[in-house]
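Here's the structure, in structure tokens; my notes come after.
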Amino acid sequence: MSARPPEIITLAIDGKEVAVPKGTLIIRAAEQLGIEIPRFCDHPLLDPVGACRQCYVEVEGQRKLMTSCTTPVAPGMVVRTQNTSEQAREAQEAVLEFLLLNHPLDCPICDRGGECPLQDQALAFGPGESRYVEPKRTFEKPIALSPLVALDRERCVLCARCTRFCDQISGDRFIELFDRGAAEQVSIAPGEDFRSPFSGNTIQICPVGALTAVPYRFVARPFDLKTADTVCPHCASGCNLRVDLRRGEVVRHLARDSYEVNDAWLCDKGRFAFRFADAPTRLTHPLLRDPGLEPASFGEVFARVGTWLEDGPGRVAFLTGGRLMDEDYYALSKLARTVFRTNDLDHRRYRSGDVPEAVERAAAASVTITYRDVERAGAILVVGLDAEQELPILHLRIRKAARRGAAVFVLNARRTRLHDVAEHVLCPPGAEAGFLERIAGARGEGDAFGRARAALEAAGEGAVVLAGPRLAEAAGGVGRAASLAAGVGGRFAFLARRANDRGALRAGVHPGLLPGGRRVADAGERAEVERAWGLPEGSLPDGPGRDGAAILEAAARREIDVLFLVGVDPLRDFPDAALARRALENVPHKVVQDISSDAMAIYADALLPAAAYLEKDGHYSDWEGRGQRLRPVRAAPGIARPDWEIFAGLARALGGELGFDSLDSLHEEMGELLGPREVDWRPSGRSSAGPALGETGEDLVLFTYPLLVDEGRLSWGAAELKEALEEPVTLEVHPEDAERLGLEDGGRARVASLAGEATLPVRITSTVARGSAFVPFNNPGLAANTLLSGRFHVPVSVAPAGGEGEAEARGVEEVAS
Amino acid sequence: MSVLTPELRRESEEIAARYPTRRSALMPLLYLVQSAEGWVSREGLQEVADVLGITTAEVEAVATFYTMFRLEPAGRYVVSICTNLSCALRGGKALYERAHELMGPGAEQVTEDGMLTLHEEECLGACDAAPLVQVNFANYDRVTEEGLAELIEALRRGDPPPPSRGEHPGDLKATSRLLAGLGPEGASE
């Protein structure tokens, strides 16, 4: 949708002319001239409210002073700020004196001291002294709004930024202004928790020290901190953040303003899960099994890998997660193919063929859709994604689009937190493709399918279809979603979930794709890569490689001699715990390369210490495919190194050569292969919808996905975050199924799949699709992958079980023994 | 024990259906709770939130802002006396203090006979009739100290005199039901 250019209005502020689009507020126009008007309640991403009255200016022709944060510009307007109007200056001083009447002036013990807008503006624009001598209003303080957010009402200036954020941005209205007049205060309803995964944003936008972060209270002063800009290491939202370190230890993550990406927000995981890089299990030196794990040098480990290769047939495979950097993935892709001559490498959790090649290739080759496209969409269809839990900042963007008038539809097996702005269709897991067909073929607007179809069609190129990671598991699902988007001339994204899944795809950490989405199976595209790598034609392996699951299956069959596990824990990550364990038990040599050792240390024959996100120079590619640079904030511990350096060292030790020994030379080479290329994402031909699961002969289809806050390794040490937001494991069952199966709300159920069984507390809720049941993937008490057989959904039998208490789970092997 | 009986739940739905967005039924539903309880309890706030699908905080923010909702147990008649500027100039504050004496212990909560609650009010928007006394939202204009004593006596008997305009005030439950938009029929007591 190409909007008409807005009308431009010219006005004068402090005698200087400025031209701005119609509708601009005076305070924004002043910013363009570099004129700073003091403000507390004003925030560019929140609706104007005029609550604090600090931004008074004189407008010629108006009887009274105007609040510049609520007054739009008009043609020929003459504005005088505190710089040229004595009246405005006096009013601002008076307002500041008023705001400070009840303020405790406890800056020396306030976390905000030194970085406080109230402190700064009182100094710059205030009268300097107060005439108020009466006793100040006092409150009990601080009160915990949640395990993460503390409220000191005495410091509050009632600007309503926090409550407006919860209303307008996150939609989680757990805090509000209670009472009126002198008794007005920010509060929470007793018995109701501030259970919002975006709660931390209220702390950051609080212009005083009223809201403070429990994990940061009394931890540091601004002048103690070493600060650096980086990118969030958690999900694929790509949030720009600032890391604060005190004596080398991370003490805080803050959002950086980035209107193309995260606006000014972070989710609470991005904000509060920052201790993992300082975990005691952090790897600092290489370790070799001998037979215990003994410290070694990189060279010794590389040499040992060489002997493992010489001793056998030298069959090597690489498994990785989604959190290395673009540079690391590129080096890995080249290492596997040029030194080990294999295409057995993968970062994905779905199978080859689940996602149409065109979609993956396009994602690897270019950026086809951005946050802006979502924000400006006329209609959005979200399929197989719980955006709040899986890509929280994309969730906020979808909400923003809805506020701007977009029609939003969600097709998912479980109701999502978009429920107040989107029409939901609950769809049994695995059956999404059929439901997408119904949308594509719908006529009229009599039902949700028809309304979705009509809205997408009406939006045309402003239609956006967002396909979540789970859609890959619905046979033909991603293809159908892409066809639907293509059919209305709209945009489409198959979403990555982890911080750099997209970078792994771009670099070709994929059994069928080389860097830039070039196909292994295509001789011409292979030759492009060969030329770029200076290799003779025909030297790259041309057979299709094994995907992640096939690598584990081959490993379990003893068909892999050396398995590289790079930033991955298949026992926890892979949707088949039993297969992952058999694989680890049957591979003779396992090289684990990671930032910390954890569970993999039991299996590792060699451990290589990698640098963490704040110790590396490199890029993450977010779900859009936008590459964003991270700069090192501190040195890696011990002799840990960036992954790409380890790969380059290994290549040299084995007599190969990756061809780069510095970041510059690496970037030069990457630029050659990873520049944007035109690849059409529209699937050719009609991809057929696979059979819906429907009759499986079992009671229910159990499905699972990771919730935002869980037992994942990157949440290590984030105790307050887990206390605030981690859900206990429950089996969510639809009321009709519960009745059929004789389950009671709050009772327990025994769930059995072919892979394992578990006894779980039951929650009956109509927010899951009929015929299905949900458990979180990795919350305390249940590693859900012990119930899975390679997919994130599985048929299960369910029966009531006696007793009460927490979840218990066993894999089949344990059941059998 | 829930505040909203199945019958009241049904009526809540009827009220909510009158608005394009359910949230708009917030104030009528607070009146409905007040008509059932004679005040609005914490459970009442939570049940309104539940009916409307919003947070309790959102309900409580509204309930604590408006003085028409009694968030503590109240008598059958709430006597609101304005002590804001216009009324104060015409003896409103003295009237309020006199009412305190007349009602005796518990005047600000519930009088011993359970009949009355005294409330010091901000402006009631009737400055021309200062000093103003309101009984369950019915106005009594230019009230004198003698007139106040008679009014309170009558209220204790459950027999409010005709207000300066409009209808006789019912008790708080009945009045609240009226304000919930449900009309006088079926009013309790």
Tensor-based shape of the range B:1-41 (alpha-carbon gyration tensor, a/c under 1.5 rounded, otherwise prolate or oblate): oblate
Mean Cβ neighbour count within 10 Å, used as a protection proxy, ranking A:541-547, B:132-138 highest first: B:132-138, A:541-547
Please compute, for peptide B:60-72, the average count of beta-carbon atoms on other protein chains lying within 10 Å of each residue's beta-carbon. 3
Do you know the relative contact order of chain A, to the nearest whole percent, from alpha carbon pairs under 8 angstrom that are 6+ apart? 13 percent
Dividing the convex hull volume of the alpha carbon atoms of the range B:77-170 by its residue count, what do you get in Å³ per residue? 77 Å³
Chain A - convex hull of the alpha-carbon atoms, volume per residue in Å³: 182 Å³
Given the whole protein assembly as supplied and a 1.4 Å probe, what does the accessible area of residue A:41 come to in Å², nearest 10? 0 Å²
Carbon and sulfur: what percent of chain A's accessible surface (1.4 Å probe)? 49 percent
Karplus (6.51, -1.76, 1.60) ³J(HN,Hα), θ = phi - 60°, over the range A:277-282, in Hz, Gly and Pro reported as x: 6, 10, 5, x, 7, 4
So how much accessible area does residue B:87 have, in Å² to the nearest 10, using a 1.4 Å probe? 10 Å²
Accessible area buried at the B-A interface, both sides summed, 1.4 Å probe (Å², nearest 100): 1100 Å²
Note to self: C-alpha centroids of the range B:45-116 and the range A:601-657 sit apart, in Å, by 66 Å
Ranked from highest to lowest mean number of other Cβ atoms within 10 Å per residue, what is the order of the peptides A:447-453, A:18-24, A:356-362? A:356-362, A:447-453, A:18-24
Evaluate peptide A:418-430: per residue, the Cβ atoms of other protein chains within 10 Å of its Cβ; return the mean as an integer. 0
Could you work out, residue by residue across A:167-175, how many beta carbons of other chains sit within 10 Å of that residue's beta carbon, and then give the average as an integer? 2
Other residues with Cβ under 15 Å from the Cβ of residue A:181 give, with Lys and Arg +1 and Asp and Glu -1, a net charge of -2
In the structure shown, of A:616/A:722; B:93/B:173; A:16/A:64; A:400/A:722; A:226/A:616; A:22/A:400, the pairs separated by more than 24 angstrom at the C-alpha atoms are A:616/A:722; B:93/B:173; A:400/A:722
Listed peptides A:494-507, A:93-106 by packing density, highest first (mean Cβ within 10 Å): A:494-507, A:93-106
Counting Lys +1, Arg +1, Asp -1, Glu -1, what net charge surrounds residue A:439 among other residues with beta carbon under 13 Å of its beta carbon? -1
Quick test of the membrane-span-like rule: which DSSP H helices of chain A reach at least 27 Å along their long axis (C-alpha atoms) with mean Kyte hydropathy at least 0.5? none
From most to least accessible, 1.4 Å probe, no ligand or DNA/RNA atoms counted, A:419, A:619 line up as A:419, A:619
Along the range A:494-505, Karplus-curve 3J(HN,Hα) (6.51, -1.76, 1.60; θ = phi - 60°) to the nearest Hz, with x for Gly and Pro, reads 9, 7, 7, 9, 8, 3, 9, 3, 5, x, 5, 5
Mean accessible surface per residue for the range A:258-300, computed with a 1.4 Å probe while every protein chain stays in place, in Å²: 37 Å²
Could you give the accessible area per residue of the range B:6-71, probe 1.4 Å, as a whole number in Å²? 40 Å²
Work through the residues other than residue B:92 whose Cβ is under 15 Å from its Cβ and net out their charges, Lys, Arg +1 and Asp, Glu -1. -3
What does the accessible area of residue A:739 come to, in Å² to the nearest 10, when a probe of 1.4 Å is used? 150 Å²
Karplus 3J(HN,Hα) series, Hz, for the range B:89-106 with 6.51 cos²θ - 1.76 cosθ + 1.60 (x for Gly, Pro): 5, 9, x, x, 5, 5, 4, 4, 5, 5, 4, 4, 5, 5, 7, x, x, x
Considering amide H positions built from the backbone, and no H for Pro or chain starts, which residues 5 or more places from residue A:211, or on another chain, come under 5 Å of its amide H? A:152
Given the Cα atoms of the range B:6-71, and with Rh set as the inverse mean 1/r over their pairs in the Kirkwood sense, what is Rg to Rh to two decimals? 0.92
Accessible area, probe 1.4 Å, largest first, for residues A:138, A:212: A:138, A:212
Between rounded, prolate and oblate, where does the range A:376-455 land on the alpha carbon gyration tensor, with a ≥ b ≥ c its root eigenvalues, rounded for a/c under 1.5, else prolate if a/b exceeds b/c? oblate
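The values are calculated or read from the model by the stated rules, or taken from the named source; none is laboratory data. Remember, predicted model here, so these are calculated numbers, not experimental data. Note: ideal-geometry Cβ built from the backbone for every residue, glycine included; neighbour counts use all protein chains shown. For accessibility, only protein heavy atoms count, side chains too; no ligands or nucleic acids. Shrake-Rupley method; radii C 1.70, N 1.55, O 1.52, S 1.80 Å.
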